[in-house]
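Chemist: This is the structure I have questions about; it appears just below.
Coordinate-derived values only; no laboratory data. Predicted, not measured: the structure shown is a model, and the values here were computed from it. In this analysis, Cβ positions are derived from the backbone assuming ideal geometry, glycine residues included, and neighbour counts consider all displayed protein chains.
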Protein chains: 2
Amino acid sequence: MVGIDRLLEESGVAKASLYTHFGNKDGLVRAYLEEHFEVRREHVAQVLARYNTPRTQLLGLFADAEDALANPMFRGCRFVNASAEARPDESIGAATEAYRAWIRGLFTDLAKAAKAKNPKRLGRQLALLYDGAAVAARLDVDRTGAGDAVLSAATALVDAATPQGPKPTRR
Amino acid sequence: MVGIDRLLEESGVAKASLYTHFGNKDGLVRAYLEEHFEVRREHVAQVLARYNTPRTQLLGLFADAEDALANPMFRGCRFVNASAEARPDESIGAATEAYRAWIRGLFTDLAKAAKAKNPKRLGRQLALLYDGAAVAARLDVDRTGAGDAVLSAATALVDAATPQGPKPTRR
DNA sequence: AGCGTAGCAGACTGATCTGTCTAGACGAGC
DNA sequence: GCTCGTCTAGACAGATCAGTCTGCTACGCT
């Protein structure tokens, strides 16, 4: 667990300042997660803006995840990590729940726009994949192939659930 | 975090006994994980024994995961949880790494036996899915559809990567 | 210049945690 | 019956944690 003292030392902020601003440690974590939520919103919006069809947007998000996995600095989803590390606190759990509901809803909406037969199911499937990538980033020292796997799996799932079907290659 | 004192109280074991047996807390956790590894090995072996083709064995493992997700008592992968909660300890990380390497190797071997075009990739993909299910079990209060999603996603991935291809349904 | 606000530095408290140590209970084997 | 090994019960030390409080500094505003 990361303690208050280390936060203070590395940030150069006085303890009193931190507590007047955020109340307590959970307040600090919650504020951090809420800001990170905003960062994620904007980042995802930028990724989505690079594509013009629901299908490519979905796959673009997973190409982005592949990039994240390729970066050794990426240590997994911060909401997952915070929830795992924190004591069971109402507000931190709520912030994590909000983020996860948002991303799952986003996947579902894009799945619906891509005319998936079962958008809710495809959204769930992609969310599982997304979570799996976060765990791999957090725990696996050797991520070789993880980035490739997450994008190719997303592609396969989207293709399987989407009416146009897999690419028109015949064996 | 769960402390030593709570362990002692709930197990009815004296503190001295625990420390003479396991040395320190990390030793206890490591011993627990190693025993749980054995439990998992046996459970997986039982699941595999129920099927007689690599494809159905793979899918059987994910049907088993679906069952686990349906059980509200299932709180996610214990290796993932332990690694997330523990301070960065060499031995706990090693035990988790061993388990994860084993399950990924198992997926890859079964993928190879199922004649997947790229067994390593399919193994990785299924491992991602498996991890995602653990995260969902740990964090999502509402798991509706998660079990269905993990099995259907595994089926889609196996079908996409396997020569016999998807079920012989034509649209 | 004077004042108020905000931030920094760090001592301090109380709670909690790991790990050690002492003292006694209990049973097995000779 | 005695001793040895193992167990329980729990006090204790030392470290670490969150959170409070005091004193000092620095800057903006009038």
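Chemist: Exactly one of these conditions fails for B:Leu139: (1) more than 8 Å from chain A (Cβ to nearest Cβ); (2) of a type in the set (A, V, I, L, M); (3) in contact with a Ser or Thr (Cβ under 8 Å, 6 or more places away or on another chain). Give me its number.
Modeler: Going through (1) more than 8 Å from chain A (Cβ to nearest Cβ); (2) of a type in the set (A, V, I, L, M); (3) in contact with a Ser or Thr (Cβ under 8 Å, 6 or more places away or on another chain) one by one, B:Leu139 breaks only (1).
Chemist: Give just the number: which of (1) more than 13 Å from the chain's Cα centre (by Cα); (2) more than 29 Å from A:Thr108 (Cα to Cα); (3) free of Cβ contacts under 8 Å to residues at least 12 places away in the same chain does B:Thr144 not satisfy?
Modeler: (2)
Chemist: Taking only the range A:90-120 into account, find how many residues are under 15 Å from B:Thr144 (Cβ atoms) and of a type outside the set (A, V, I, L, M, F, W, C).
Modeler: Residues meeting the conditions: 8.
Chemist: Here's a follow-up. If you check B:Ala127, B:Ala111, B:Ala116, which single one turns out to be surrounded by 21 or more Cβ atoms within 10 Å (Cβ to Cβ), touching a helix residue (DSSP H, G or I) at 6+ places or on another chain (Cβ under 8 Å), part of a loop (DSSP other than H, G, I, E, B) and without any contact (Cβ under 8 Å) to a residue 60 or more places away in the chain?
Modeler: Numbers: B:Ala127 fails: part of a loop (DSSP other than H, G, I, E, B); B:Ala111 fails: part of a loop (DSSP other than H, G, I, E, B).
Of the residues listed, the single one that is surrounded by 21 or more Cβ atoms within 10 Å (Cβ to Cβ), touching a helix residue (DSSP H, G or I) at 6+ places or on another chain (Cβ under 8 Å), part of a loop (DSSP other than H, G, I, E, B) and without any contact (Cβ under 8 Å) to a residue 60 or more places away in the chain is B:Ala116.
Chemist: Across the range B:4-36, which residue is nearest to DNA strand C (Cβ to nearest atom) among those that are among the acidic types (Asp, Glu) and surrounded by 10 or more Cβ atoms within 10 Å (Cβ to Cβ)? Can you show your working first?
Modeler: Filtering the range B:4-36 for residues among the acidic types (Asp, Glu) gives B:5, B:9-10, B:26, B:34-35.
Right, trim to surrounded by 10 or more Cβ atoms within 10 Å (Cβ to Cβ) and you get B:9, B:26, B:34-35.
Working: B:Glu9: 11, B:Asp26: 6, B:Glu34: 17, B:Glu35: 18 Å.
The qualifying residue nearest to DNA strand C (Cβ to nearest atom) is B:Asp26.
Chemist: Taking the range B:5-19, which residues are near DNA strand D (Cβ under 9 Å from one of its atoms) and either within 14 Å of chain A (Cβ to nearest Cβ) or outside any helix (DSSP H, G or I) (or both)?
Modeler: B:Gly12, B:Val13, B:Ala14
Chemist: Can you go through A:Ala86, A:Ala82, A:Ala68 and tell me which one is within 25 Å of B:Ala86 (Cβ to Cβ), within 16 Å of DNA strand D (Cβ to nearest atom), within 15 Å of the chain's Cα centre (by Cα) and within 14 Å of chain B (Cβ to nearest Cβ)? Let's see the steps before the verdict.
Modeler: Values: A:Ala86 fails: within 15 Å of the chain's Cα centre (by Cα); A:Ala68 fails: within 16 Å of DNA strand D (Cβ to nearest atom).
The conditions single out A:Ala82.
Chemist: Let me ask something additional. Identify the single condition in (1) under 22 Å from A:Ala146 (Cβ atoms); (2) surrounded by fewer than 18 Cβ atoms within 10 Å (Cβ to Cβ) that B:Arg87 does not satisfy, given that it satisfies every other one.
Modeler: It is condition (1) that B:Arg87 fails.
Chemist: Restricting to the range B:99-115, name every residue that is farther than 14 Å from B:Ala134 by Cβ and within 12 Å of chain A (Cβ to nearest Cβ).
Modeler: Scanning the range B:99-115 gives B:Ala101, B:Phe107, B:Thr108, B:Ala111.
Chemist: Let me ask something additional. Select, from B:Val29, B:Val47, B:Val2, the only residue that is away from DNA strand D (no atom under 15 Å from the Cβ) and outside any helix (DSSP H, G or I). Step through it out loud before you land on a result.
Modeler: On the way: B:Val29 fails: outside any helix (DSSP H, G or I); B:Val47 fails: outside any helix (DSSP H, G or I).
Just a single option satisfies the conditions, and that option is B:Val2.
Chemist: Does B:Leu61 fit the bill of being over 17 Å from B:Ala134 (Cβ atoms) and surrounded by 20 or more Cβ atoms within 10 Å (Cβ to Cβ)?
Modeler: On the way: over 17 Å from B:Ala134 (Cβ atoms): no; surrounded by 20 or more Cβ atoms within 10 Å (Cβ to Cβ): yes.
Considered against the rule, which asks whether it is over 17 Å from B:Ala134 (Cβ atoms) and surrounded by 20 or more Cβ atoms within 10 Å (Cβ to Cβ), B:Leu61 comes out as no.
Chemist: Right, B:Thr56: assigned to a helix (DSSP H, G or I), more than 16 Å from DNA strand C (Cβ to nearest atom) and either more than 25 Å from A:Ala136 (Cα to Cα) or touching a strand residue (DSSP E or B) at 6+ places or on another chain (Cβ under 7 Å) (or both) or not?
Modeler: Yes: the conditions hold for B:Thr56.
Chemist: Tell me which of these B:Arg50 doesn't satisfy, since it passes every other one: (1) closer than 29 Å to A:Gln125 by Cβ; (2) under 13 Å from the mean Cα position of the chain (by Cα).
Modeler: B:Arg50 satisfies every listed condition except (2).
Chemist: Separate question: For residues in the range B:145-166 being at the interface with chain A (Cβ under 9 Å from one of its Cβ atoms) and outside any helix (DSSP H, G or I), which is surrounded by the most Cβ atoms within 10 Å (Cβ to Cβ)?
Modeler: As a first pass, look at the range B:145-166 and keep what is at the interface with chain A (Cβ under 9 Å from one of its Cβ atoms): B:145-146, B:148-150, B:152-153, B:155-157, B:159-161, B:163, B:165-166.
Those left that are additionally outside any helix (DSSP H, G or I): B:145, B:163, B:165-166.
Working: B:Gly145: 18, B:Pro163: 9, B:Gly165: 11, B:Pro166: 15.
Once the filter is applied, the top-ranked residue is B:Gly145.
Chemist: Of A:Phe22, A:Phe37, which residue is more than 8 Å from DNA strand D (Cβ to nearest atom) and either in contact (Cβ under 8 Å) with a residue 24 or more places away in the chain or within 18 Å of the chain's Cα centre (by Cα) (or both)? Even if it seems obvious, please write down each step before you answer.
Modeler: On the way: A:Phe22 fails: either in contact (Cβ under 8 Å) with a residue 24 or more places away in the chain or within 18 Å of the chain's Cα centre (by Cα) (or both).
The unique qualifying residue is A:Phe37.
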